[in-house]
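One structure below.
The values are calculated or read from the model by the stated rules, or taken from the named source; none is laboratory data. All of these numbers come straight from a predicted model, not from anything done at the bench. Note that each Cβ is placed from the backbone with ideal geometry, even for glycine, and that neighbours are counted across all protein chains shown. These accessible areas exclude ligands, DNA and RNA; they are computed on the full protein's heavy atoms, side chains included. Shrake-Rupley method; radii C 1.70, N 1.55, O 1.52, S 1.80 Å.
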Amino acid sequence: NSTPQMVQSSLLPEDVYTDDCLTSYTHVYSPDLLKDQVAFITGGGSGIGLRIAEIFMRHGCDTVIASRNLDKLKEAAQKLTSATGRRCLPLCIDVRKPESITAAVDETLKDFGRLDILINNAAGNFLCPASSLSFNAFKTVLEIDTMGTFNTSKVVYEKWFKDHGGNIVNISATLGYKGQALQVHAGSAKAANDAMTRHLAVEWGPSGVRVNTVAPGPISGTEGMRRLGEY
Ligand code: HXC
Ligand code: NAP
């Protein structure tokens, strides 16, 4: 009675409300789906990014998790490796600073010798009415979410994907579709990213680079959700 889109409930992973790894996991896809591939995940030390890293690693991928807080990343990397047996390299970057991304991608390539997947997941958000939002607050969210996505994509493309192909997945959101209140900064940033996805897919597709967007709904147990309840 199930449609092809439905997954048997016994295969769904448990709900986790912390940044701990899953206590059990049933593979829906082949455990070797991403065997020996390497993924670079911005904001991979917490929330959705950490869970993407975990699931990729459970499917044989090695990962780089990259953001500003190195202590948090190191702790996450240890948890991920002990839960999955795969390598996870924690690296400090600020997606607003291209030179920090360049250094991290150089280190990734030196360490792993390849790069297959980029997940642009790093973001900043808070609830604020447009009338109270400072110029710098709007700019800050655009710089992290939108320019950060462009900066990271461009560095990875120039250093590896241009010659080897690869996959870019941009983590978006649905709040801009209908203009959700208190979210003009995040909604505008994600809308720009959705356009960026299409432009880069057209320009870089011929080099074997696939560029896609995933726009999750609200995900429990994440910082993004906690902040939406704040106002
Ligand atoms: C209004 C705020 C604010 C708030 C900061 N600002 N927080 N304005 N309400 N709650 C303003 C500051 O006053 C300042 O403007 C400007 O924003 C920059 O603030 P800084 O603290 O200097 O910025 P920075 O240290 O770079 O930190 C960025 C940040 C921070 C976005 C403000 O919260 C952060 O690092 N967030 C990362 C984690 C996060 O946000 N995770 C959730 C992602 S979830 P002035 O004018 O005073 O200088 C997500 C969900 C989407 O994106 C969809 C859900 C359904
Ligand atoms: P989160 O745990 O706070 O993840 C955001 C990550 O971005 C953090 O690990 C943070 O790490 C990193 N980051 C922030 N600013 C950065 C910067 N300047 N440079 C590098 N890294 C930076 O929140 P989340 O809820 O999991 O959100 C993850 C993604 O999902 C975001 O793109 C968000 O918009 C999207 N999303 C979330 C939901 C939801 O319900 N949670 C719904 C739709 C979309 P550091 O602090 O260490 O830098």
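Surface analysis of the chain yields an accessible area of 53 Å² per residue, using protein heavy atoms and a 1.4 Å probe. FRET efficiency for the pair L12 and D36, taken as 1/(1 + (r/R0)^6) with r the Cβ-Cβ distance and R0 = 25 Å, rounds to 0.40. Within region 13-39, name every residue whose backbone N is under 19 Å away from a label modeled 7 Å from Cα of E107 along the Cβ vector. Answer for region 13-39: 38-39. In this simple spin-label model, placing a label point 7 Å from the Cα along the Cα-to-Cβ direction at both R210 and R227 gives a separation of 2.9 nm.
Averaging the sequence gap over all C-alpha pairs within less than 8 Å and six or more residues apart, then dividing by the number of residues, gives region 24-141 a relative contact order of 27 percent.
For the Cα trace of the chain, dividing Rg by the Kirkwood Rh returns an Rg/Rh value of 0.96. Using DSSP H assignments, which helices in the chain have an axial alpha-carbon span of 15 Å or above and a mean Kyte-Doolittle hydropathy of 0.5 or higher? Passing helices, by number: 47-58.
Rounded to whole numbers, the Karplus 3J(HN,Hα) couplings from phi for region 28-37 are 7, 9, 4, x, 9, 3, 10, 3, 6, 7 Hz, using 6.51 cos²θ - 1.76 cosθ + 1.60 with θ = phi - 60°, and x at Gly and Pro. Straight-line cross-link reach from K139 at under 27 Å between alpha-carbon atoms covers these lysines, not counting any fewer than eight positions away in the same chain: K72, K97, K154, K178, K190. Between the amide H of R68 and those of I93, distances stay under 5 Å, these residues lying 5 or more places away or on another chain, with hydrogens modeled in the peptide plane.
For region 1-103, the list of trypsin sites (Lys or Arg not before Pro) that fall in a loop by DSSP and count at most 14 other C-beta atoms within 10 angstrom reads K35.
Once the Cα-Cα distance is subtracted from the 0.36 nm per residue extended length, the D20 to K74 segment shows a gain of 18.1 nm.
Taking a ≥ b ≥ c as the square roots of the eigenvalues of the Cα gyration tensor, an a/c ratio of 1.5 or more together with a/b no larger than b/c marks region 7-60 as oblate.
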